[in-house]
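Chemist: Here's a structure for you.
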Amino acid sequence: MLYDQTVTNLKKPAKLLERRRKWSQIRKDKLLYFMAVPGILFFLVFHYVPMYGILLAFKKYNIYQGFFASEWIGLDNFRTLFGMYGFDRALKNTIIISIYQLVFAFPVPIILSILLNEIRHELYKKFVQTSIYLPHFVSWIIISGILFAILSPSTGVIKEIADFFGYEGVTVNLLSSKEYFRSLLVVSNIGCNVFKSPRNNLVVFA
């Protein structure tokens with residue numbers, strides 16, 4: 001009993017000393033902690049606080065009553081969603097497209113980065129990197145316009161090329177085709193992610 005009490009009494013000063021040592025280290029690096037405050041506030045304000053808005057999915061939102069005063073309806077919105085016509089097809093397409101994105105779109109920036117790293121001519125390498133990064137400053141509306149200009153069945157580039165080689169058949173409307181829309185979505189997203197996404201551009205410049 002006396003031994004246990006002695007050990008406990010020895011642990012208290014040790015814990016107090018350790019606590020003082022931690023606070024001393026914090027005071028020593030206080031400028032670093034102050035520098036981290038803006039980043040922490042950014043994530044709190046723009047990532048964690050908006051998560052409270054998920055409660056809207058469980059309410060019958062009324063624009064006149066506002067977010068907090070709207071009626072709480074639990075899972076009724078989800079039951080309505082699951083019972084809607086075409087929900088199964090939409091869910092299936094979402095899963096398939098996500099798998100396509102994971103299999104085909106994910107490796108492209110990595111492969112591109114490796115290919116750029118293998119370029120030995122520094123001037124040409126910088127030119128390619130700059131050319132890849134420049135479309136990041138182009139609006140999404142312009143990107144969609146470019147896709148339309150390429151794929152339009154009446155005035156698109158593909159139609160013009162087919163006419164040049166004497167093709168007289170009907171040009172497939174890839175923009176509204178049920179058979180090709182998944183592939184078209186994945187391919188266009190690959191191009192947009194490689195050239196538009198800052199995250200992938202960081203991989204390119206790695």
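The values are calculated or read from the model by the stated rules, or taken from the named source; none is laboratory data. It should be emphasised that the depicted structure is a prediction, and the values quoted were computed from it without experimental measurement. Positions of Cβ are generated from backbone atoms using ideal geometry, with glycine treated the same way; all protein chains shown enter the neighbour counts. Side chains included, ligands, DNA and RNA excluded: accessible areas come from the protein's heavy atoms. Shrake-Rupley method; radii C 1.70, N 1.55, O 1.52, S 1.80 Å.
Chemist: State the number of lysine pairs found in the chain whose Cα atoms come within less than 17 Å, restricting to pairs 8 or more positions apart or on distinct chains. Intermediate values should be presented prior to the final figure.
Modeler: Details: Lys11/Lys22; Lys12/Lys22; Lys22/Lys30; Lys92/Lys178.
Counting lysine pairs in the chain gives 4.
Chemist: OK, next. Give the residue from Phe87, Ser139, Ile63 lying farthest towards the positive end of the charge dipole for the chain; charges sit on Cβ (+1 for Lys and Arg, -1 for Asp and Glu) and the dipole is referred to the Cα centre.
Modeler: Ile63
Chemist: Let me ask you something else. Please give the length that would be gained between Glu168 and Leu56 if that part of the chain were fully extended, namely 0.36 nm times their separation in residues minus their C-alpha to C-alpha distance (nm, one decimal).
Modeler: 34.9 nm
Chemist: Now, a different point. Helix hunt in the chain: which complete DSSP H runs extend at least 18 Å axially by C-alpha with mean Kyte-Doolittle at least 1.0?
Modeler: Details: long enough: 2-28 (40 Å, -1.31); 30-43 (20 Å, 1.79); 87-100 (20 Å, 0.59); 181-196 (21 Å, 0.96).
Qualifying helices: 30-43.
Chemist: Quote the charge dipole size of the chain about the Cα centre in Debye, to the nearest 20; the model charges only the Cβ of Lys and Arg (+1) and of Asp and Glu (-1).
Modeler: The dipole magnitude comes to about 1540 debye.
Chemist: Assuming a ≥ b ≥ c are the square roots of the Cα gyration tensor eigenvalues, decide whether the chain counts as rounded (a/c under 1.5), prolate (otherwise, with a/b larger than b/c) or oblate.
Modeler: The shape class here is oblate.
Chemist: Determine the sum of side-chain charges near Thr171: Lys and Arg each +1, Asp and Glu each -1, restricted to other residues whose C-beta is under 14 angstrom from that of Thr171.
Modeler: Result for the neighbourhood of Thr171: -2.
Chemist: Right, another one. How far is it, in nm, from the label point at Leu31 to the one at Asp88 when both lie 7 Å from their Cα along the line to the Cβ?
Modeler: The answer from the label model is 6.5 nm.
Chemist: Give, in nm to one decimal, the length gained when the segment between Tyr133 and Gln101 is fully stretched (0.36 nm per residue of separation minus the Cα-Cα distance).
Modeler: Length gained, Tyr133 through Gln101: 9.4 nm.
Chemist: Further question: How far is it, in nm, from the label point at Arg182 to the one at Ser154 when both lie 7 Å from their Cα along the line to the Cβ?
Modeler: 3.0
Chemist: Looking at the chain as a GNM with Cα springs under 10 Å, which of Gln129, Gln101, Gln65 has the largest mean-square fluctuation?
Modeler: Of the options given, Gln65 has the highest mean-square fluctuation.
Chemist: For the chain, what is the accessible area per residue in Å², given a 1.4 Å probe and the full set of protein chains?
Modeler: I get 82 Å² per residue for this part.
Chemist: Given the Cα-Cα distance of Ile63 and Val108 and 0.36 nm per residue of separation, how much length would full extension add, in nm?
Modeler: Extending this stretch completely gives an extra 11.8 nm.
Chemist: Take Leu16 and Leu81, extend 7 Å from each Cα along the Cα→Cβ direction, and tell me the distance between the two endpoints in nm.
Modeler: So the label points at Leu16 and Leu81 sit 5.6 nm apart.
Chemist: Most fluctuating residue of Val186, Val170, Val37 in a GNM of the chain with Cα springs under 10 Å: which is it?
Modeler: With Cα springs under 10 Å in the chain, the top fluctuation among Val186, Val170, Val37 is at Val37.
Chemist: Now for a separate question. When the chain is treated as a GNM, springs tying every alpha-carbon pair under 10 Å, which of Ser139, Ser98, Ser24 comes out with the largest mean-square fluctuation?
Modeler: Highest fluctuation of the listed residues: Ser24.
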